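To keep things clear, I will list the structure first and then write my remarks on it.
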Amino acid sequence: MGTVRIILTLFSISLGMCLSATIIEGPKTAFVLLNTDAAFNCTVSRPWSIIIWIMEKTPVLTIVPAGPIVTDSQFGQRNYTIRNMFTSELVISAVTLKNNVTVTCSLQTEGLQQADLFVQVDGMVSFVSKISSVVLNRSTDIVCKAEGWNPAPTITWTKNQTVVDSKMYTTTIQPSSGNLYNAVSTLNLTLSANAEVTCLATIRALPQPKTAALYITVGSPSQEQTWLIIAIVVPIAVVILLIILILVIAFCIKRTKHSKSNYQNELKKMSTKKSLEATVDDQGNSGLENFGMSTESVDEFKMSPGFPSPNSTNTWSRKSNSDTLESSLTCEAIYQIYCSPWLVLQPVKPQHRSYLLTQRRV
């Protein structure tokens with residue numbers, strides 16, 4: 001069967017060289033999306049002997065009157081016959097970016113026609129920031145971004161289904177990875193009433209533009225100021241409350257440490273005082289004596305007629321006499337009497353002996 005087809009093909013080629021078939025209508029340039037099918041038509045006059053489809057100088061499909069000769073499964077053929085005309089349709093399945101080439105319909109004679117195939121990629125369309133409300137009669141920028149396109153898309157805008165003047169927006173193209181492009185368009189808009197704003201991105205291969213829409217409400221300046229004040233005041237109030245809370249916690253910790261320190265100091269003072277009192281008691285009980293006073297001096301003092309008896313002295317005179325004697329003592333003597341740990345070694349001055357005797361008797 002294969003041998004017969006080859007023979008028929010060779011016969012058709014030799015016959016076609018003798019006949020004068022012509023191309024009535026050749027293929028047209030096509031724009032198709034990635035991974036879709038592309039189709040090209042070539043209409044020739046009858047009788048014809050062979051039609052060869054060529055892509056970038058490489059034959060991909062051959063048609064003879066007996067049928068097509070397929071060499072690559074990506075390429076197929078449909079045909080139509082009307083009166084004295086024959087139309088061959090080349091079908092390219094699941095096109096890739098490698099298929100961006102020139103397509104040629106050839107009759108193996110002087111007759112051939114060419115067309116270009118453009119494989120394009122459609123990406124996504126979205127708003128950089130979704131604005132839901134604006135201030136009445138205040139200029140606002142609305143930014144739309146189209147990502148992952150090849151070629152770079154054309155961006156247009158509409159407001160309430162009415163095309164926006166191109167002077168009201170600017171568009172910049174940014175290259176991306178994988179031979180793709182991004183487009184960023186900024187629309188400067190001043191609204192006096194609620195409106196629906198639409199961003200449209202289109203390429204030749206798309207039958208309809210891809211769109212992203214926003215419905216924007218218009219508010220009064222007072223409402224905007226109120227929300228602005230709330231947005232500013234609330235964070236500041238939160239920060240102030242946090243600072244106050246930190247200060248209160250720090251104060252409580254410091255106070256706790258101070259109270260603990262005072263308590264420990266009081267304990268130390270009480271311990272020192274008790275130790276001192278115990279020392280003084282031990283010294284008193286051990287018979288502290290002033291060796292500067294003799295027994296005879298004490299006896300003489302007891303027999304002195306000028307010294308009043310404690311039994312005959314009233315309370316007021318005793319207190320007065322005690323105050324007088326205390327005022328006559330010097331700080332040095334008082335320290336030696338009550339505080340000095342070396343009291344047993346210090347002699348008492350003669351003028352204070354009578355006071356000491358009086359204190360002991362009392």
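The values are calculated or read from the model by the stated rules, or taken from the named source; none is laboratory data. Not measured: the values here are computed from a predicted model. Cβ coordinates were reconstructed from backbone atoms using ideal geometry, including for glycine residues, and neighbour counts include every protein chain displayed.
Just to verify a result, which residue in the range 132-164, among those that are under 28 Å from the mean Cα position of the chain (by Cα) and surrounded by 17 or more Cβ atoms within 10 Å (Cβ to Cβ), is farthest from Asn188 (Cα to Cα)?
In the first step, residues of the range 132-164 are kept if they are under 28 Å from the mean Cα position of the chain (by Cα); the result is 132-135, 140-148.
Restricting the remaining residues to those that are surrounded by 17 or more Cβ atoms within 10 Å (Cβ to Cβ) gives 134-135, 142, 144-147.
Working: Val134: 12, Val135: 14, Ile142: 6, Cys144: 11, Lys145: 15, Ala146: 18, Glu147: 21 Å.
By that ranking, first place goes to Glu147.
Here is a check on your reading of the model: is Ala146 within 27 Å of Thr198 (Cβ to Cβ) and in a loop (DSSP other than H, G, I, E, B)?
Values: within 27 Å of Thr198 (Cβ to Cβ): yes; in a loop (DSSP other than H, G, I, E, B): no.
Here the answer is no, as Ala146 does not meet what is asked.
Just checking, which of Ile246, Ile236, Ile240 is over 27 Å from Met124 (Cβ atoms), surrounded by fewer than 10 Cβ atoms within 10 Å (Cβ to Cβ), modelled with pLDDT of 80 or more and of a type outside the set (Asp, Glu)?
Values: Ile246 fails: surrounded by fewer than 10 Cβ atoms within 10 Å (Cβ to Cβ); Ile240 fails: surrounded by fewer than 10 Cβ atoms within 10 Å (Cβ to Cβ).
Among Ile246, Ile236, Ile240, only Ile236 is over 27 Å from Met124 (Cβ atoms), surrounded by fewer than 10 Cβ atoms within 10 Å (Cβ to Cβ), modelled with pLDDT of 80 or more and of a type outside the set (Asp, Glu).
Could you look through the range 92-131, keep only residues that are under 31 Å from the mean Cα position of the chain (by Cα) and aliphatic (A, V, I, L, M), and pick out the one that is farthest from Trp53 (Cα to Cα)?
So, considering only residues that are under 31 Å from the mean Cα position of the chain (by Cα) and aliphatic (A, V, I, L, M), the one farthest from Trp53 (Cα to Cα) is Ile131.
What residue, among those in the range 165-177 that are within 29 Å of the chain's Cα centre (by Cα) and assigned to a loop (DSSP other than H, G, I, E, B), is farthest from Thr198 (Cα to Cα)?
Ser177
Does Thr109 satisfy being surrounded by 13 or more Cβ atoms within 10 Å (Cβ to Cβ) and of a type in the set (Ser, Thr, Tyr)?
On the way: surrounded by 13 or more Cβ atoms within 10 Å (Cβ to Cβ): yes; of a type in the set (Ser, Thr, Tyr): yes.
When the stated conditions are applied, Thr109 passes them.
Somewhere in the range 78-92, is a residue buried (at least 17 other Cβ atoms within 10 Å of the Cβ), under 22 Å from Ala201 (Cα atoms) and touching a residue at least 24 places away in the same chain (Cβ under 8 Å)?
no
Restrict the check to the range 180-203 and report whether at least one residue is out of contact with any strand residue (DSSP E or B) (no Cβ under 8 Å at 6 or more places or on another chain) and part of a loop (DSSP other than H, G, I, E, B). Break it down stepwise before answering.
From the range 180-203, those out of contact with any strand residue (DSSP E or B) (no Cβ under 8 Å at 6 or more places or on another chain) are none; that's our starting set.
Checking the range 180-203: not a single residue is out of contact with any strand residue (DSSP E or B) (no Cβ under 8 Å at 6 or more places or on another chain) and part of a loop (DSSP other than H, G, I, E, B).
If you take just the strands (runs of 3 or more DSSP E) that sit entirely in the range 36-141, which of them hold at least 2 residues that are at pLDDT below 90? Working first, answer last.
On the way: elements: 38-45, 51-55, 58-64, 67-70, 75-82, 85-92, 102-106, 112-120, 124-127, 133-135.
Fully inside the range 36-141 and qualifying: 67-70, 75-82, 133-135.
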